[in-house]
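Participant: Encoded as structure tokens, here's the structure I'll be asking about.
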Amino acid sequence: MISTFHGLETAKRGLNAQNAALTTNGNNVANANTAGYTRQKVNTVQTQPLTVGGMNQSQIGTGVEVQSIQRVRDQFLDAEYRQENGQLGYYNSLSSSLSQVENILNDTQGNGLNSVMDKFWSSMQDLTTNPDNLGVRQVVAANGQMVAETINYYYHSISTVQEDIGKQITSKVDQINSLVSQIDQLNDQIAKVETTGQLPNNLYDQRDVLVDNLSSIVDIKVTSVVPNNYAKKTTGAEGLYQIEIVQDNGASYSPQATLIQVDRTTGNSIANTVSVSGENGETNSLTSPITHLNVGESQITNMNFSGELGGLIESYGYQTADGVSGQIPEILEKLNNLASAFANEFNAVHEQGFGLNGETGLAFFELGETGQPAAKVIKVNSDILNNPSLLAVASGTASSEDFSNNENAVKLTNLQTKNFSEYVTNASLPANMQKGNISSYYSSIIGDIGVKVQGANSNLQTAQTLTELANNNRQSVNGVSLDEEMANLVMFQHAYNASARMVSVIDEMLDTIINGLGR
């Protein structure tokens, strides 16, 4: 025979379960606008049935119990979001860096290299008609110095951008180490709670926010590891996060670049420190192209990962088997090639001419010591600036008596339209400089950086769209929908009221049995 009190216990369990559901429902509503919060749900299961004796033995239900309160989260949607978030970080950094360089090189106010070169060639043209005029000679020397200083300015300004990016790289590495340390600490806290059979949902949320932030800086792969040493395991336990840096295609490096290593046997979570090394042997405080990224005992030499750090490294420059690669080193190299080619060819022609007093063999431009960046050090010979009569405008011989002709000035002026391939000093020029002249080559530098900025901005917009879409997809699963919560509220309320009504009915039954019988 079934005890009347059995029904009371069953109803009580129903009240407890629906109360837990209502409380969780209220917590979801309260955190609807809390950043990083994941919707929670109550997992309920039937309690063990009661076997009833009698003619035909059977089992009767004993109610419900709360098994766990679990986050509603999809790890695959998380992985998709973090991958897109890494692409967004990469193109955001790359676009910002390239835009800074483009702003430096753009001739928006008429003081760029093309404008300065036009003034220089115009004064050279004047010199061909007034070869013995010291005033015109002085203007040529001054305009030549302005050309040199403009190239110097470009080199210095772009190098400053590169230095700033180097500091940003160091800052991002510090952020990685800080985030990894915090995630590692949360791993330890989560392990202490999970081993008791509970689910630390708030700690899970804190950890996922940190992992999301980490994914914007560098490509990562996250693996959940549930240690074997848990005294009590609960369904829904998410375990500890093991994290590694991966390539932009998702493949692991060899050896693996593990940020956090989890020992499945002991449950220990070990965080590795990240640092970046330069060609000159420096660590973090960069003064040269990057050679590798240190992750614990591992080294990443193939910098093909995305994230903000990947975009900064691509901008700053890194060492490869074929030399230095990267956006800014490429631009600086082109500036150096331009300065070197133009100065050497101009000097070659100038040194064959004669000054007003028969001086010859004098270089117009100086490029400093061998090995120095030409764009950094190019300048007009100080002797010519101080004494413009030294300008080798005339042709002739050492025995000539008249050096006031313009024949060498004409040769110098013709360099304005002369192709690099015709330069007598073209033996050391890169293959991509063999076509075109100095003006068209500089225009190609401007055009190339413009195309790259446009491409980076386009990719940035695409990445923003895809990241937003991925985030919306996962928010549709783990975000709080107030409409859904209100519907659940009504459902749980009805279930709670029904269980409460059951208690009232059983109370009336017991009152009848206890007080009503025997009257």
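The values are calculated or read from the model by the stated rules, or taken from the named source; none is laboratory data. Being a predicted model, the structure only gives us computed values, none of them experimental. When we count neighbours, we look across all protein chains shown, and the Cβ atoms used for this are built from the backbone with ideal geometry, even at glycine.
Participant: Could you check Ala35 against (1) crowded, with 20+ Cβ neighbours inside 10 Å; (2) assigned to a loop (DSSP other than H, G, I, E, B); (3) of a type outside the set (Phe, Trp, Tyr); (4) outside the structural domain of Leu412 (by TED's automatic domain parsing) and say which number it fails?
Facilitator: Against the list (1) crowded, with 20+ Cβ neighbours inside 10 Å; (2) assigned to a loop (DSSP other than H, G, I, E, B); (3) of a type outside the set (Phe, Trp, Tyr); (4) outside the structural domain of Leu412 (by TED's automatic domain parsing), Ala35 comes up short only on (1).
Participant: Count, please, the residues in region 208-237 that happen to be closer than 16 Å to Tyr37 by Cα, touching an Asp or Glu at 6+ places or on another chain (Cβ under 9 Å) and surrounded by 17 or more Cβ atoms within 10 Å (Cβ to Cβ). Quick ask: steps written out before the conclusion?
Facilitator: First pass over region 208-237, keeping only residues closer than 16 Å to Tyr37 by Cα: 208-213.
Restricting the remaining residues to those that are touching an Asp or Glu at 6+ places or on another chain (Cβ under 9 Å) gives 208, 211-212.
Adding the requirement that they be surrounded by 17 or more Cβ atoms within 10 Å (Cβ to Cβ) leaves 208, 211.
Final tally of qualifying residues: 2.
Participant: Quick check on region 428-444: of everything there that is surrounded by 14 or more Cβ atoms within 10 Å (Cβ to Cβ) and among the hydrophobic types (A, V, I, L, M, F, W, C), which residue is modelled with the highest pLDDT?
Facilitator: For region 428-444, the residue satisfying everything is Ile438.
Participant: Which of the residues belonging to region 375-418 are in a loop (DSSP other than H, G, I, E, B), within 15 Å of Asp126 (Cα to Cα) and in contact (Cβ under 8 Å) with a residue 60 or more places away in the chain? So that I can check it myself, show each step before the final result.
Facilitator: First, the residues of region 375-418 that are in a loop (DSSP other than H, G, I, E, B): 378, 381, 387, 391-393, 395-406, 417-418.
Now narrow it down to the ones that are within 15 Å of Asp126 (Cα to Cα): 391-393, 404-406.
Leu391, Val393, Ser404, Asn405, Asn406, listed by residue number.
Participant: What number of residues in region 129-143 are in a helix (DSSP H, G or I), closer than 14 Å to Ala392 by Cα, in contact (Cβ under 8 Å) with a residue 24 or more places away in the chain and not basic (Lys, Arg)? Explain how you work it out, then say what you get.
Facilitator: Narrowing region 129-143 to residues in a helix (DSSP H, G or I): 129, 134-143.
Next, from what is left, pick out any that are closer than 14 Å to Ala392 by Cα: 134, 136-138, 140-141.
Of the ones still in play, those that are also in contact (Cβ under 8 Å) with a residue 24 or more places away in the chain are 134, 137-138, 140-141.
Those still in the list that are not basic (Lys, Arg) too: 134, 138, 140-141.
Of the residues in that region, 4 qualify.
Participant: Next question, about the same structure. Out of all the residues in region 62-74, is one or more assigned to a helix (DSSP H, G or I), modelled with pLDDT under 95 and either touching a Leu at 6+ places or on another chain (Cβ under 9 Å) or surrounded by fewer than 19 Cβ atoms within 10 Å (Cβ to Cβ) (or both)? Working first, answer last.
Facilitator: First pass over region 62-74, keeping only residues assigned to a helix (DSSP H, G or I): none.
Among the residues of region 62-74, not one is assigned to a helix (DSSP H, G or I), modelled with pLDDT under 95 and either touching a Leu at 6+ places or on another chain (Cβ under 9 Å) or surrounded by fewer than 19 Cβ atoms within 10 Å (Cβ to Cβ) (or both), which makes the answer no.
Participant: Which residue is surrounded by the fewest Cβ atoms within 10 Å (Cβ to Cβ), if the candidates are limited to region 120-154 and must be charged (D, E, K, R) and over 24 Å from Val101 (Cα atoms)?
Facilitator: Taking region 120-154 first, the residues charged (D, E, K, R) are 126, 132, 137, 149.
Checking which are over 24 Å from Val101 (Cα atoms) leaves us with 126, 132, 137.
Working: Asp126: 18, Asp132: 16, Arg137: 25.
The selected residue is Asp132.
For every residue, the table says whether it meets (1) in contact with a strand residue (DSSP E or B) (Cβ under 8 Å, 6 or more places away or on another chain); (2) outside the structural domain of Ala17 (by TED's automatic domain parsing); (3) over 14 Å from Gly26 (Cα atoms); (4) surrounded by 11 or more Cβ atoms within 10 Å (Cβ to Cβ).
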position: Arg474; (1), (2), (3), (4): no, yes, yes, yes
position: Ala487; (1), (2), (3), (4): no, no, no, yes
position: Gln493; (1), (2), (3), (4): no, no, no, yes
position: Tyr496; (1), (2), (3), (4): no, no, yes, yes
position: Met502; (1), (2), (3), (4): no, no, yes, yes
position: Ile506; (1), (2), (3), (4): no, no, yes, yes
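Participant: For region 368-387, what are the residues that are surrounded by fewer than 21 Cβ atoms within 10 Å (Cβ to Cβ), of a type outside the set (Gly, Ala, Ser) and within 23 Å of Val116 (Cα to Cα)? Don't jump to the end; show me each part of the working.
Facilitator: First, pick out the residues of region 368-387 that are surrounded by fewer than 21 Cβ atoms within 10 Å (Cβ to Cβ): 368-373, 376-377, 379, 381-383, 385-387.
From what's left, of a type outside the set (Gly, Ala, Ser): 369-370, 372-373, 376-377, 379, 381, 383, 385-387.
The answer is Pro373, Lys376, Val377, Lys379, Asn381, Asp383, Leu385, Asn386, Asn387.
Participant: Scan region 287-300 and tell me whether some residue there is out of contact with any strand residue (DSSP E or B) (no Cβ under 8 Å at 6 or more places or on another chain), touching a residue at least 60 places away in the same chain (Cβ under 8 Å) and either assigned to a loop (DSSP other than H, G, I, E, B) or among the aliphatic types (A, V, I, L, M) (or both).
Facilitator: No; the residues of region 287-300 include none that is out of contact with any strand residue (DSSP E or B) (no Cβ under 8 Å at 6 or more places or on another chain), touching a residue at least 60 places away in the same chain (Cβ under 8 Å) and either assigned to a loop (DSSP other than H, G, I, E, B) or among the aliphatic types (A, V, I, L, M) (or both).
Participant: Can I ask one more? Tally the residues that are farther than 19 Å from Asn202 by Cβ, in contact (Cβ under 8 Å) with a residue 12 or more places away in the chain and hydrophobic (A, V, I, L, M, F, W, C), restricting the search to region 227-258.
Facilitator: The number of residues fulfilling the criteria is 5.
Participant: Could we say that Asn294 is over 26 Å from Ile445 (Cβ atoms), surrounded by fewer than 20 Cβ atoms within 10 Å (Cβ to Cβ) and under 17 Å from the mean Cα position of the chain (by Cα) here?
Facilitator: Values: over 26 Å from Ile445 (Cβ atoms): yes; surrounded by fewer than 20 Cβ atoms within 10 Å (Cβ to Cβ): yes; under 17 Å from the mean Cα position of the chain (by Cα): no.
No.
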